[in-house]
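Presented below is the structure to which this report refers.
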Amino acid sequence: MGADRFATAARLKAIGQEAQARVYRAATRRPAPRRSKLTGRAALLALVLCALIVALAYPMRQYIAQRSDIADQRKEAQQAKQRVEQLREEKARWQDDEYVKTQARKRLHFLLPGETGYTVVDPAPTASDGDSGVRRSSDEAAAHRPWYDNFWNSVDHADAAGAPRR
């Protein structure tokens, strides 16, 4: 039995020394370099995704621009339809003789036989009107001159405005 105890003690001592040597080696050993989380496959995947984004950017921009153009064209078509409907309604009104008479009286100052027409003229310009009174009086004077006088006056006026000052 004595030899058995010695063998057990020797084994325990040897195991202890091995454990101590492992701890010493682990303490003196440099830590293993960490591997990067970005592997070659991940880098390739990122590169492919970037290429897809770049390749699809221009067509997507074109698609969005075309959709915008289509929306604008539809809006213009709707406005044109509304305008056509308004013109149809106006055409229908002009087919009515009473409407034509009313417009002739209103716009052209036509009178029916036996009626007396009156035209109200604006009073003379006041001091608060300023320059607009001068302009209005020159417009009224131009209305009473022959057209060729008005034409020649406008040519003279344009020539005087374009002449260099001395």
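Bear in mind these aren't lab numbers, they're just calculated from the coordinates by the rules spelled out. Being a predicted model, the structure only gives us computed values, none of them experimental.
Would you mind calculating the gained length between ILE70 and ASN150 on full extension (0.36 nm times residue separation, minus the Cα-Cα distance), in nm to one decimal? Intermediate values should be presented prior to the final figure.
On the way: separation 80, 0.36 × 80 = 28.80 nm, distance 5.02 nm.
The ILE70-ASN150 span can extend by a further 23.8 nm.
In order along segment 101-113, phi translates into HN-Hα couplings of 4, 4, 5, 5, 5, 6, 8, 9, 6, 6, 10, 7, x Hz, rounded to whole numbers, per the Karplus curve 6.51 cos²θ - 1.76 cosθ + 1.60 with θ = phi - 60° and x for Gly and Pro. Straight-line reach from LYS13: taking Cα to Cα under 18 Å and skipping same-chain neighbours fewer than 8 places apart, the aspartates and glutamates in range are ASP4.
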